[in-house]
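Read the structure below first, then the notes.
Read the figures in this text as sums done on the coordinates, not as results from a lab. Keep in mind it's a predicted model, so treat the numbers as computed, not measured. Here the Cβ positions follow ideal geometry from the backbone for every residue, glycine too, while neighbour counts run over all protein chains shown.
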Amino acid sequence: MKKSRAAMRSCCRKQASSKEGRKKHAPSSSQAKPSAPDGLAGRLEEVVLQASVSPYHLFRDTAEVTVFRESLLSWYNREKRDLPWRRQKVRWTWTGGRMLEVNQLWAGLGYYSRGRRLQEGARKVVEELGGHMPCTADTLQRLLPGVGRYTAGAIASIAFGQITGVVDGNVVRVLCRVRAIGADPSSTLVSQQLWSLAQQLVDPARPGDFNQAAMELGATVCTPQHPLCSQCPVQSLCRARQRVEREQLLASQSLPGSPDMEECAPNTGQCQLCAPPTEPWDLTLGVANFPKKVSRRPPREECSATCVLEQLGAHGGARILLVQRPNSGLLAGLWEFPSVAVEPSGQCQRKALLQELQSWAGPVPATRLRHLGQVVHTFSHIKLTYQVFGLALEGQTPVTITPPGARWLTREEFRTAAVSTAMKKVFRVYEGQQPGTCKGSKRSQVSISSRRKKPSPGQQLLDNFFRPLICTDPPSLNSVAQ
Ligand code: SF4
Ligand code: ZN
């Protein structure tokens, strides 16, 4: 491990110096030319785009690009938010021991698969790449599991100074508005166009700052519902604003004929970046006519029966059973109370759940299994209803044999373990039904939104994640997250 850490430090020094080198040779913003996409794929992409895209949706000259960069970066210099990862240099803690903490720290934030992938990536860097972190968007995406185009571009530009644009949801919104792109932003053609624009615009002298500025503009000014156009640094270049003015003039009929403003092949239906003529302009939306809203399918409804099985007389104090989910699929690898997928009708739930419990803990007294309530948790694509059961083993011989994939935890250990928010809610239902608690009189019905605004007790905040140093000695419970 020591060797790997040393290798990483040496790699970082090399990368830092190459970054400096790039900085010295990079043109300044005012000298800058539009950047071209890298490699053959980029050139092919450009040819395809040039063949099918109206110049109305492009930046046609260097002067426009330069104004965009300078306006955005000056605004960013003044207005950038004080975010934890900007306040201090985040330490690269991509070593096996430290990464054990990621799932635990992020449990409850909904980043389960991201935490797992980060862990896998860290292992790969340490174990297969000799501690050398890939430092270009191409190698990051190619070599690290779970690193997609956006993440690769963000790391390469922000951490290593590579001149590469990035497109996230905020940038999609900004670019669709600035270039009046009304076609479906999730389509391949529009997506390619947006990446091409981002690459053209990124500032060669400050690529990381430029990308952060574009994302920040979308997050704070060019927001989905109520964009603050009067405060926008790129307002003079924004075709959505121009379109709003034209539509308002047309609607007021204060001018005879069409206002003299540039537009893209109106109503011909030939431009693949404009909204189809069947989708009329909505005067009430203004610039928020861009980007086109993509209708999402409602989440699939599923039902699960889950049971808090507690051994009151276990050696060392009461313990509850947690079992590990499979390594793929929803909440992969996380720990949960024994659960089975069931029909929403409720038939056979008890029987199926008892079988599941017995497969982990041996014979259990079926008559003590009690239905306590339900918890509804909406993931991005699944609305999962947990039927919550409880079973307290009293007076039985404690279960001492634990099969692989199962753990008996104390309540304290459970509270700091890497379990999902839904399981924490399930446990609250169970606790609320315990003798001596005031919530025991009614069946509990708890609805949880996956877009929770306030952290629940015990949940880590992202701020905490970026504290100066994460302890290198994982407590024993962190093995739960493995
Ligand atoms: Fe967004 Fe308005 Fe700025 Fe255009 S002028 S980029 S719509 S905030
Ligand atoms: Zn068009």
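Here the calculated FRET efficiency for Glu263 and Asn77, from their Cβ-Cβ distance with R0 = 35 Å, stands at 0.55, rounded to the nearest 0.05.
In a simple Cβ point-charge model (Lys, Arg +1; Asp, Glu -1; nothing else charged), the range 116-157 has a dipole of about 160 debye relative to its Cα centre. Calculate log10 I(q)/I(0) of the range 217-364 for q = 0.16, 0.18, 0.19 Å⁻¹, where I(q) comes from the Debye formula with a single equal point scatterer on each Cα and nothing for solvent. Calculated log10 I(q)/I(0) at the listed q: -0.95, -1.13, -1.22. With a Förster radius of 30 Å applied to the C-beta separation of Arg60 and Arg296, the computed FRET efficiency comes to 0.30. The convex hull drawn around the Cα atoms of the range 377-426, when projected onto a plane and averaged over every direction, covers 5.1 nm². Computed extension gain for Ser191 through Thr139, at 0.36 nm per residue and net of the alpha carbon distance, reaches 16.6 nm.
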